[in-house]
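Have a look at the structure below before the remarks.
Please treat every number below as a calculation from the coordinates, not as lab data. The shown structure was predicted, so the numbers you read here are calculated from the model rather than taken from an experiment. With ideal geometry, Cβ positions are generated from the backbone for all residues, glycine too; neighbour counts draw on all protein chains shown.
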Amino acid sequence: MTNVNTQEPSHTGGCHCGKVRFEIKGQIDNPVMCHCELCRKLHGHVSSYCRFDTHALQLTDDTGLRWYRMSDKTDRGFCKLCGTGIFWRPVRSSGMAVMPGTLDDTGTLMVTGQIFCADKGNYYPLDPAIKQFSQSDR
Ligand SMILES: [Zn+2]
Ligand SMILES: [Zn+2]
């Protein structure tokens, strides 16, 4: 069945236990994987992030949402009940990011790059099919 969508793109998602649910009304960027030590520590392994405009975020349930100030510059949003990592938010920016695994449907999103490859863990190889940056891509 063809669904003609004339509205802005919209993505819904949430944590594992369902006590954080959100909708992003607007464009979200393709995921970028980050190999840095901090990301690997916080997520248990490499994580990836889709940037979007902070104003596009609507929290439909934030019962479980907790923000952790992980550095001077960034906050991490996660569910305090089930532990799912969901958001990444610079302290001073109009943009933030969502971890694509928390989206209900990733649609046509596809990883476009991998950053901080110079800091990657020594327990896995880099995927040569994904564009590599030794540090940030911007
Ligand atoms: Zn949860
Ligand atoms: Zn990182």
Residue 84 of a type in the set (Val, Ile, Thr), within 16 Å of ligand 2 (Cβ to nearest atom), more than 11 Å from residue 54 (Cα to Cα) and under 14 Å from the mean Cα position of the chain (by Cα)
no
Assess whether residue 133 counts as being farther than 20 Å from residue 14 by Cα, without any contact (Cβ under 8 Å) to a residue 40 or more places away in the chain and surrounded by 16 or more Cβ atoms within 10 Å (Cβ to Cβ).
yes
Kindly evaluate residue 83 against the criterion of being within 13 Å of residue 20 (Cα to Cα) and either in a loop (DSSP other than H, G, I, E, B) or touching a Lys or Arg at 6+ places or on another chain (Cβ under 8 Å) (or both).
yes
Taking the stretch 11-21 as the region of interest, how many residues are of a type in the set (Lys, Arg) and either assigned to a loop (DSSP other than H, G, I, E, B) or within 16 Å of ligand 2 (Cβ to nearest atom) (or both)?
1
In the set 104, 72, the lone residue that is surrounded by fewer than 20 Cβ atoms within 10 Å (Cβ to Cβ), touching a residue at least 12 places away in the same chain (Cβ under 8 Å) and within 16 Å of ligand 1 (Cβ to nearest atom) is 104
If residue 24 satisfies every condition in (1) part of a strand (DSSP E or B); (2) within 16 Å of ligand 1 (Cβ to nearest atom) but one, which is the exception?
(2)
For the stretch 46-63, state whether one or more residues are part of a loop (DSSP other than H, G, I, E, B), closer than 25 Å to residue 16 by Cβ and either in contact with a Ser or Thr (Cβ under 8 Å, 6 or more places away or on another chain) or small (Gly, Ala, Ser) (or both).
no
